[in-house]
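Shown next, in structure tokens, is the structure this report addresses.
The values are calculated or read from the model by the stated rules, or taken from the named source; none is laboratory data. None of the values given here were measured: they were computed from a predicted structure. Note: ideal-geometry Cβ built from the backbone for every residue, glycine included; neighbour counts use all protein chains shown.
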Amino acid sequence: MSPCATVLAGQLTLNSTCGYPSVPKHSKRLPPHRSTEFLMNSFLNASHRKAFVPVLLISSFLFAPPLTAQDATVRTLITADRLIDGFGNLQQPGAVLVAGDRIVAVGQNVTGQAHDERVDLGDATLLPGLIDLHTHLTDAEDAYWERVLVTTTPSEAALYGAANALTALRSGFTTVRDMGPAWSFTDVDLRNIIDEGTLPGPRMMVAGNYVSATGGAGDARQFSIYVDVPAVRNLADGVDEVRKAVRTNLKQGADFIKILATGAVLSRGISPGAQQYSDEELAVAVVEAGRWDRFVAAHAHGAEGIKAAIRAGVRTVDHGSMMDDEAIQMLLAQDYTYYVPTLYVGVIVPREGAAMGIPPEQVQRSTEMMRYRNATFRKALEAGLPIGFGTDAGAFPHDQNAREFSIRVQNGEKPMDAITAATSLNARIMGWEADVGSLETGKFADVVAVPGNPLEDITALERVLFVMKGGEIVRNDVQR
Ligand SMILES: [Zn+2]
């Protein structure tokens, strides 16, 4: 029996390796000398790229001196007045030494050698690359998702995805768990094209397709009964159809399963407070995903659906808006399932939803749900729950994810704890903690910097000035 399957028998001693696809690497490495400019050129001049690369290669072959062994791995020493390691520790000053795509040394005494490249960021704080557990990178931000299926194309969604991926990366988010596109599996293609090094973007763990009940939160076919979108098949009712949906999504390249346990705010279907999938349907999704060594993330607003998802053994309860005391106690009693609130989207949709083309009754749903979200977060914080960091970016622009930090801090979280959530805790939830989520020797060189000290002003995280992903500098506003 797989580790996840033990959940069905009511055992919560899950194997921590259950449900973790491996961390993607670039299969095509970029030459170390051509970092930012090369990435930007390849993105901005994608149509010229095929011609551009051979010219570069030929010219360097003809005119450049042969590489010495020392040049083979160019090292970069990044320094700043402060460093936060992702585990709640502050160092002053801070230094990170990078060789290839990995961190080789971290600490106040790391000085590097004379031939190392140097990036000194001054009055700034170095942080691990940020992680968002709840994004929707594909599709235009202002395209209301039910309308997407009848007025846009998957290729359009993919192109917006490429632009959004660059925006998210430049905003400091070097890793995201993407919670499903309107055009199914466009996220799989975006992940693949980023992983092969063709386009810049965060490391992506993707859902591929929603698993939703008919008339439920993820049912985007809420048109006339005479209208259909045959290319998108995400509805599953009953244990057999749920099992098949899980198998289909994983077969088509999803890394994990996104299931909608309750209704949603941005939906005409069943209300956000109502449980939409039965305990049996949720359990079979977890068991089947476990057979593939993958986990399930449950969208859940209402308390009954949240508790059903916890009982089933999902990895995360996303939103968790109306989580009650019993659900908090259930989470405290185990160490597998995590609460991932999305507070900022609850501010932005009531305020700007109408301008974003969201129907008035759904803006109203969001306004009602906002009453619960912050109070639930505060209760979970007081109870001592570890709280994952997610945003629902896609319902708002992909350079605003970091606004989630301020709202969490306004609701009582210590700034350092909010940073730990978005780094090492999120990496652990994804199962990628061996590679991302902290500034430690051996991890991928995913490094960001913000001005000043974010422990004194958490909004500094909204003003990222330096981003490195896997040893490649993708943003440096300090040294131009
Ligand atoms: Zn979402």
Subset tally (residues that are closer than 15 Å to residue 405 by Cβ and either under 9 Å from the mean Cα position of the chain (by Cα) or not in a helix (DSSP H, G or I) (or both)) for segment 378-393: 7
Within segment 394-435, tally of residues that are within 16 Å of the ligand (Cβ to nearest atom) and either outside any helix (DSSP H, G or I) or small (Gly, Ala, Ser) (or both): 7
Residues of segment 384-393 satisfying the condition of being more than 16 Å from the ligand (Cβ to nearest atom) and either crowded, with 24+ Cβ neighbours inside 10 Å or more than 21 Å from residue 179 (Cα to Cα) (or both): 384, 385
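Got a number for residues in segment 315-329 being away from the ligand (no atom under 15 Å from the Cβ), under 24 Å from the mean Cα position of the chain (by Cα) and not in a helix (DSSP H, G or I)? I'd like the intermediate steps shown before the answer.
Narrowing segment 315-329 to residues away from the ligand (no atom under 15 Å from the Cβ): 315, 322-329.
Now narrow it down to the ones that are under 24 Å from the mean Cα position of the chain (by Cα): 315, 322-323, 328.
Now restrict to residues that are not in a helix (DSSP H, G or I): 315, 322-323.
Adding up the residues that qualify gives 3.
Residue check: is residue 468 surrounded by fewer than 19 Cβ atoms within 10 Å (Cβ to Cβ) and either more than 16 Å from the chain's Cα centre (by Cα) or at negative phi (or both)? Spell out the reasoning first.
Working: surrounded by fewer than 19 Cβ atoms within 10 Å (Cβ to Cβ): no; either more than 16 Å from the chain's Cα centre (by Cα) or at negative phi (or both): yes.
No; evaluated as a whole, the condition is false for this residue.
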Matching option when the condition is away from the ligand (no atom under 16 Å from the Cβ), touching a residue at least 24 places away in the same chain (Cβ under 8 Å), farther than 25 Å from residue 289 by Cβ and surrounded by fewer than 18 Cβ atoms within 10 Å (Cβ to Cβ), among 332, 381: 381
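Select from segment 258-309 the residues that are basic (Lys, Arg) and not in a helix (DSSP H, G or I) and write down the one among them that is nearest to residue 329 (Cα to Cα). Please lay out each step first, then the result.
Looking only at segment 258-309, we keep the residues that are basic (Lys, Arg), and these are 258, 268, 291, 294, 307.
Now drop any that are not not in a helix (DSSP H, G or I), which leaves 258, 268, 294.
Details: 258: 24, 268: 31, 294: 25 Å.
Filtering first and then ranking leaves 258.
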Single unsatisfied condition, residue 335 versus (1) over 19 Å from the mean Cα position of the chain (by Cα); (2) in a helix (DSSP H, G or I): (2)
Check on residue 413, at pLDDT below 95 and surrounded by fewer than 24 Cβ atoms within 10 Å (Cβ to Cβ): no
Test: residue in segment 274-290 that is away from the ligand (no atom under 16 Å from the Cβ), farther than 22 Å from residue 432 by Cα and at pLDDT below 95: yes
Cβ pairs under 7 Å, 6+ apart, first in segment 85-107 and over 17 Å from residue 121 (Cα atoms), second assigned to a loop (DSSP other than H, G, I, E, B) and at pLDDT below 95: 99/73; 100/73
Residue in segment 225-244 that is surrounded by 24 or more Cβ atoms within 10 Å (Cβ to Cβ) and touching a His at 6+ places or on another chain (Cβ under 7 Å) present: no
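Return yes when residue 137 is within 17 Å of the chain's Cα centre (by Cα), within 16 Å of the ligand (Cβ to nearest atom) and either at pLDDT 95 or above or part of a helix (DSSP H, G or I) (or both) and no when it is not.
Working: within 17 Å of the chain's Cα centre (by Cα): yes; within 16 Å of the ligand (Cβ to nearest atom): yes; either at pLDDT 95 or above or part of a helix (DSSP H, G or I) (or both): yes.
Against the criterion (within 17 Å of the chain's Cα centre (by Cα), within 16 Å of the ligand (Cβ to nearest atom) and either at pLDDT 95 or above or part of a helix (DSSP H, G or I) (or both)), residue 137 qualifies.
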Residues within segment 115-134 that are more than 17 Å from residue 92 (Cβ to Cβ) and surrounded by fewer than 23 Cβ atoms within 10 Å (Cβ to Cβ), tallied: 5
Criterion (surrounded by 24 or more Cβ atoms within 10 Å (Cβ to Cβ) and over 18 Å from residue 327 (Cα atoms)) met by exactly one of 308, 254: 254
Residue match in segment 167-186 (condition: more than 14 Å from the ligand (Cβ to nearest atom), farther than 30 Å from residue 92 by Cβ, under 16 Å from the mean Cα position of the chain (by Cα) and part of a helix (DSSP H, G or I)): yes
For residue 340: the one exception among (1) buried (at least 17 other Cβ atoms within 10 Å of the Cβ); (2) of a type in the set (A, V, I, L, M, F, W, C); (3) more than 16 Å from the ligand (Cβ to nearest atom): (3)
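Inside segment 311-329, can you point out the residues that are over 21 Å from residue 374 (Cβ atoms), buried (at least 24 other Cβ atoms within 10 Å of the Cβ) and not hydrophobic (A, V, I, L, M, F, W, C)?
Let us first name the residues in segment 311-329 that are over 21 Å from residue 374 (Cβ atoms), namely 311-315.
Checking which are buried (at least 24 other Cβ atoms within 10 Å of the Cβ) leaves us with 312-315.
Once the filter is applied, which keeps residues that are over 21 Å from residue 374 (Cβ atoms), buried (at least 24 other Cβ atoms within 10 Å of the Cβ) and not hydrophobic (A, V, I, L, M, F, W, C), segment 311-329 yields 313, 315.
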